[in-house]
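**Student:** Sharing a structure here in structure tokens format.
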Amino acid sequence: MHRLRPRILVDVSKIDMSTTLLGYKMQSPIIVAPTGIHKYAHPEGEVVTARAAAACNTLMVLSFSSSRKLEDVASSCNSLRFYQLYVYKNREVSATLVRRAEKYGFKAIVLTVDTPRLGRREKDIKNKCPLSFFLYIYLPSFGLFSFYFSYSFIAVNFCGSDLEAFASQTLDPSLCWKDIEWLRSITSLPIILKGITTAEDAINAVELGVSGIVVSNHGARQLDYSPATISVLEEVVKAVSGAVPVLLDGGVRRGTDVFKALALGAKAVLVGRPILYGLAAKGENGVKSVIKMLQGELELTMALCGTPSINAITRKHVQTEGDILRSLL
Ligand SMILES: Cc1cc2nc3c(=O)[nH]c(=O)nc-3n(C[C@H](O)[C@H](O)[C@H](O)COP(=O)(O)O)c2cc1C
């Protein structure tokens, strides 16, 4: 449990939520997280999400598992975008998508590093997420037809989740630290690692020269008993000691959650499921509503905590359970 420590009698007649990330100005520290297959939520998929994010001046990280071609997303609106990457056993698939992302104006590669294999998702197993539907809406977005055909007939006899079977045939479980060099050799874009939850890995990442870290446990969908990200944020922030920006995702549902993450040292937060719920409920307007609701709540929290700018939010504005225990010693 984290409590806020509001300060009073501060002039909060103007609140400025703007911040920067990798030199890019953002209206607020709230970012759309990469989530796959938006066509499950809306027939036009990621293009709609991107338009909504652009209308709210919000950075969107487009998923490698997008159900729309990255070119379609790039041409749908003029906004700041990063591209999330999975590394496939067939490295050429990943390399091609990185090159296309760079060509179409994505400003950073967010390499997801917590998914050497797909976690056990019992609902997918139970529902038998159908492979044919999945392939129909997902793989064409790659625009790589040879790849599509080479994977069209996998897993038909698999008795669990087709998604899991697909992932185990495609994701490269041998991906390791030395492959950051490989990624750097194929792109000049900054590289952010998404899925770090320990100081040790954060230090490795900084030593390898990455440009940012996302403290993430993949929305707690990969590994049971992985820590809540807010509980390990400070460990990572301390390990990195300002060398690169640290972002956080997982469970950000209110402006107060954004505020707590910033107070513990995050530069910004990413939001996953709420965006999908907004997209499914009301399309572009739904996504806009979710972003605006979070921005409005953050703005109010900043006012009530006596922090008129993002820089004014400090560690002293939040109290963790650890703080309480230490104060009793
Ligand atoms: C349906 C769904 C699909 C996701 N797809 C991806 C993905 O393609 N790539 C990725 O790096 N993370 C993916 N994630 C994880 C999110 O980027 C993010 O880490 C997580 O959802 C944040 O937590 P929140 O949903 O509680 O906000 C996905 C999450 C969900 C719920």
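Each value in this text was obtained by applying a stated rule to the coordinates, not by laboratory testing. Since this is a predicted model, take the numbers as computed values, not measurements. FYI the Cβ positions are ideal-geometry reconstructions off the backbone, even for glycines, and counts take in every protein chain you see.
**Student:** Contour minus end-to-end for Glu299 and Glu321, with contour as 0.36 nm per residue of separation and end-to-end as the Cα-Cα distance? List each step's numbers first, then the result.
**Tutor:** On the way: separation 22, 0.36 × 22 = 7.92 nm, distance 2.51 nm.
Result: 5.4 nm gained on full extension.
**Student:** Would you mind giving the three semi-axes, in whole Å and largest first, of the ellipsoid equivalent to segment 220-312 according to its Cα gyration tensor?
**Tutor:** The equivalent ellipsoid of segment 220-312 has semi-axes of 24, 20, 10 Å.
**Student:** Cross-link list Lys238/Lys316; Lys194/Lys292; Lys89/Lys267; Lys128/Lys282; Lys14/Lys107: which exceed 22 angstrom alpha carbon to alpha carbon? It would help to have the intermediate numbers written out before the result.
**Tutor:** On the way: Lys238/Lys316 15 Å; Lys194/Lys292 25 Å; Lys89/Lys267 33 Å; Lys128/Lys282 27 Å; Lys14/Lys107 31 Å.
Exceeds cut-off: Lys194/Lys292; Lys89/Lys267; Lys128/Lys282; Lys14/Lys107.
**Student:** Sum up the charges of everything whose Cβ sits under 15 Å from the Cβ of Leu208, counting Lys and Arg as +1 and Asp and Glu as -1, but leave Leu208 out.
**Tutor:** -2
**Student:** Sticking with this one: Evaluate the charge dipole of segment 1-130 about its Cα centre and quote only its size in Debye, nearest 20, assuming +1 on the Cβ of each Lys and Arg and -1 on the Cβ of each Asp and Glu.
**Tutor:** Dipole about the Cα centre, nearest 20: 380 debye.
**Student:** Check which residues have an amide H placed less than 5 Å from Leu59's amide H, if you skip close sequence neighbours.
**Tutor:** Amide H neighbours of Leu59: Val32.
**Student:** Can you run phi through the Karplus equation (6.51, -1.76, 1.60; θ = phi - 60°) for segment 196-203 and list ³J(HN,Hα) in whole Hz, with x for Gly and Pro?
**Tutor:** 9, 9, 10, 4, 4, 5, 5, 5
**Student:** Between the DSSP loop rule and a limit of at most 14 other Cβ atoms within 10 Å, which chymotrypsin sites (Phe, Trp or Tyr not before Pro) in segment 164-251 are left?
**Tutor:** Passing both the DSSP loop test and the Cβ count: Trp177, Tyr225.
**Student:** Once amide H atoms are placed 1.01 Å from N in the peptide plane, what residues at a sequence separation of 5 or more from Val318, or on another chain, have their amide H within under 5 Å of its amide H?
**Tutor:** Hits under the 5 Å cutoff: Arg5.
**Student:** Give the peptides 257-268, 202-213 in descending order of average Cβ contacts within 10 Å, highest first.
**Tutor:** Working: 257-268: 24.5, 202-213: 19.2.
Packing order, densest peptide first, comes out as 257-268, 202-213.
**Student:** Now for a different question. What ³J(HN,Hα) values, in whole Hz, does the Karplus curve 6.51 cos²θ - 1.76 cosθ + 1.60 give for segment 20-28 when θ = phi - 60°, with x put for Gly and Pro?
**Tutor:** 3J(HN,Hα) across segment 20-28, in whole Hz: 10, 9, 6, x, 8, 7, 10, 5, 8.
**Student:** Still on this structure: Search the structure for amide H atoms under 5 Å from the amide H of Thr35, placed 1.01 Å from N in the peptide plane, and list their residues when 5 or more places away or on another chain.
**Tutor:** Ser63
**Student:** So, one more: What list of ³J(HN,Hα) couplings, whole Hz, do you get for segment 52-63 from phi and the Karplus terms 6.51, -1.76, 1.60, once you set θ to phi - 60° and write x for glycine and proline?
**Tutor:** Those phi angles translate into 5, 4, 5, 5, 9, 6, 10, 5, 10, 9, 7, 6 Hz.
**Student:** Continuing with this model, one more query. Suppose every Lys and Arg Cβ carries +1 and every Asp and Glu Cβ carries -1, with no other charges. What dipole size does the chain come out with about its Cα centre, to the nearest 20 debye? Write out the running numbers ahead of the final one.
**Tutor:** Working: 38 positive and 29 negative charges, 106 e Å.
My answer is approximately 500 debye.
**Student:** In the chain, if the dipole is taken from +1 on Lys/Arg beta carbons and -1 on Asp/Glu beta carbons about the Cα centre, which of Ala55, Gly219, Thr197 is farthest to the positive end?
**Tutor:** Ala55
**Student:** Right, something else. For the chain, divide the Cα radius of gyration by the Kirkwood radius and give the resulting Rg/Rh value with two decimals. Kindly include the intermediate steps, with their values, before the conclusion.
**Tutor:** Values: Rg = 19.8 Å, Rh = 20.5 Å.
Using only Cα positions, Rg/Rh for the chain is 0.97.
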